[in-house]
Ligand SMILES: Cc1cc2nc3c(=O)[nH]c(=O)nc-3n(C[C@H](O)[C@H](O)[C@H](O)COP(=O)(O)O)c2cc1C
């Protein structure tokens, strides 16, 4: 029978063997990096590190854990579909909840229809739901882009401009800064980021985040940080760079390479919320890094479970089902056998989770094999799905608008 270590090697999925050459520390120049707090309207983000919104991941329990490690950053909720908020869909409303400890309540809205998105922003403002609103123009998922949403929308400059302008006109008088999250474009023949960044700035956005891939690139290949540098050159408002930051040194390197004002972290913190502490330290020139042993990781898993139980109003089963994917991320690379991983995936209650935790050896050190290495999804798009005739013109006809604004998806899970 295989010992637990070799079993791990066999049972764990290696999602990312396409390691980024930038993670080779020896390749980096050691030029100094200047990092200052970022101002978003009235809101100061003292450490310009953003938890990038992730559907199904960045609900308040995860945000709270990230913020405990890295106070002073910006922790954005997963995207809320404007139409779902306007319809007061209970699932969407749950995603708008914040924990009392969250310093900046940051919501992301997704919409295609400027009027519906404005109505959603009006709800956020009138009901005091958030301190900051981000707009999603980065989603590459077919069910979103085929309706002209997410990363497809900046191509249509008329709708894009109107949507940003209407949301800003509702949020700005209430002192709520609006920001936009964009991709490079639909593909390299249809790039939109410079124009989209410019429009966002002109319409009153306080910052732009660029995930430096196209829709067609989806999560494949590498985020092309040179495009972040281009956007930074092009705009006066702060630019947050996004894509492929797996460790604190990557964050420093992105700032050094691109001159961006801050960084946004998605997949790199899945199962590694302490990355926010490490980046904060790196930004302060402090060499200290947290690489917890298995005991500490399990303490985080237990706490995450407790917070999720609160999030789901005491429904342990829903909480533990939500937690399962996080457990897989937390345990990534640790010599934990396939049967134990399977047992975690079958947990239905906190007691089940604690029982499995008690079987692990807390003294096991953090596995260097996965330290600061890529994690999470890495696929290219099979095909970009867009509304019929979308690329033929940068603006929409009356008929196209009629077709588009019929129905937004209620759940656009990434
Ligand atoms: C599971 C998952 C869910 C995501 N959900 C959202 C979302 O709701 N809104 C959004 O703007 N981006 C979303 N993204 C994109 C991330 O915010 C981020 O832009 C992308 O993962 C690139 O950054 P990274 O290389 O640090 O992961 C999601 C990404 C993943 C992997």
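The values are calculated or read from the model by the stated rules, or taken from the named source; none is laboratory data. Note that this is a predicted model, so its numbers are computed, not measured. Backbone-built Cβ (ideal geometry, glycine too); neighbour counts: all protein chains shown.
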*asked:* Take residue 321 and tell me if it is in a helix (DSSP H, G or I), more than 30 Å from residue 251 (Cβ to Cβ) and within 27 Å of the chain's Cα centre (by Cα).
replied: yes
*Single unsatisfied condition, residue 283 versus (1) over 20 Å from residue 52 (Cα atoms); (2) outside the structural domain of residue 327 (by TED's automatic domain parsing)*: (1)
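If you go through the stretch 100-107 one residue at a time, do you hit one that is crowded, with 24+ Cβ neighbours inside 10 Å, within 14 Å of the ligand (Cβ to nearest atom) and part of a strand (DSSP E or B)? Can you show your working first?
Of the residues in the stretch 100-107, the ones crowded, with 24+ Cβ neighbours inside 10 Å are 106-107.
Filter once more, so that each one left must be within 14 Å of the ligand (Cβ to nearest atom): 106-107.
Now restrict to residues that are part of a strand (DSSP E or B): 106-107.
Yes: one or more hits.
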*May I ask you to list the residues in the stretch 86-99 that are more than 14 Å from the ligand (Cβ to nearest atom) and buried (at least 18 other Cβ atoms within 10 Å of the Cβ)?*
86, 98
*So residue 240, is it within 15 Å of the ligand (Cβ to nearest atom), at pLDDT 95 or above and in contact with a strand residue (DSSP E or B) (Cβ under 8 Å, 6 or more places away or on another chain)*: yes
*Determine, yes or no, whether residue 351 is over 25 Å from residue 96 (Cβ atoms), part of a helix (DSSP H, G or I) and within 16 Å of the ligand (Cβ to nearest atom).*
no
_One residue is enough: does the stretch 9-30 have a residue meeting the conditions buried (at least 16 other Cβ atoms within 10 Å of the Cβ) and either at pLDDT 95 or above or under 15 Å from the mean Cα position of the chain (by Cα) (or both)?_
no
*Go through 351, 319 for me and flag whichever is farther than 29 Å from residue 262 by Cα, crowded, with 19+ Cβ neighbours inside 10 Å and not assigned by TED's automatic domain parsing to the domain that holds residue 46.*
319
*May I ask you to list the residues in the stretch 52-76 that are under 24 Å from residue 163 (Cα atoms), in contact (Cβ under 8 Å) with a residue 40 or more places away in the chain and not in a loop (DSSP other than H, G, I, E, B)?*
74, 76
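In the stretch 197-219, what residues are more than 13 Å from the ligand (Cβ to nearest atom) and assigned to a loop (DSSP other than H, G, I, E, B)? Give the derivation first.
Pass one, the stretch 197-219, residues more than 13 Å from the ligand (Cβ to nearest atom): 197-207, 216.
Answer for the stretch 197-219, where residues must be more than 13 Å from the ligand (Cβ to nearest atom) and assigned to a loop (DSSP other than H, G, I, E, B): 203, 204, 205, 206, 216.
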*From (1) closer than 26 Å to residue 229 by Cα; (2) assigned to a loop (DSSP other than H, G, I, E, B); (3) within 16 Å of the ligand (Cβ to nearest atom), pick out the condition that doesn't hold for residue 332.*
(1)
*Residue within the stretch 253-267 that is within 30 Å of residue 170 (Cα to Cα), touching a residue at least 40 places away in the same chain (Cβ under 8 Å) and more than 14 Å from the ligand (Cβ to nearest atom) present*: yes
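For the condition in contact with a helix residue (DSSP H, G or I) (Cβ under 8 Å, 6 or more places away or on another chain), closer than 28 Å to residue 267 by Cβ and more than 16 Å from the ligand (Cβ to nearest atom), what is the one hit in 135, 153, 194, 163? If you could, list the steps in order and put the result at the bottom.
On the way: 135 fails: more than 16 Å from the ligand (Cβ to nearest atom); 153 fails: more than 16 Å from the ligand (Cβ to nearest atom); 163 fails: more than 16 Å from the ligand (Cβ to nearest atom).
Exactly one of 135, 153, 194, 163 is in contact with a helix residue (DSSP H, G or I) (Cβ under 8 Å, 6 or more places away or on another chain), closer than 28 Å to residue 267 by Cβ and more than 16 Å from the ligand (Cβ to nearest atom), namely 194.
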*So which of 133, 112, 144 ends up being touching a strand residue (DSSP E or B) at 6+ places or on another chain (Cβ under 9 Å), under 17 Å from residue 156 (Cβ atoms) and surrounded by 21 or more Cβ atoms within 10 Å (Cβ to Cβ)?*
144
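Evaluate the following for residue 228: is it part of a loop (DSSP other than H, G, I, E, B) and either assigned by TED's automatic domain parsing to the domain that holds residue 138 or over 17 Å from the mean Cα position of the chain (by Cα) (or both)? Break it down into steps so the answer makes sense when it comes.
On the way: part of a loop (DSSP other than H, G, I, E, B): no; either assigned by TED's automatic domain parsing to the domain that holds residue 138 or over 17 Å from the mean Cα position of the chain (by Cα) (or both): yes.
When the stated conditions are applied, residue 228 does not pass them.
Based on what the data block shows, is residue 222 outside any strand (DSSP E or B) and either touching a helix residue (DSSP H, G or I) at 6+ places or on another chain (Cβ under 9 Å) or more than 10 Å from the ligand (Cβ to nearest atom) (or both)? Don't jump to the end; show me each part of the working.
On the way: outside any strand (DSSP E or B): yes; either touching a helix residue (DSSP H, G or I) at 6+ places or on another chain (Cβ under 9 Å) or more than 10 Å from the ligand (Cβ to nearest atom) (or both): yes.
Yes.
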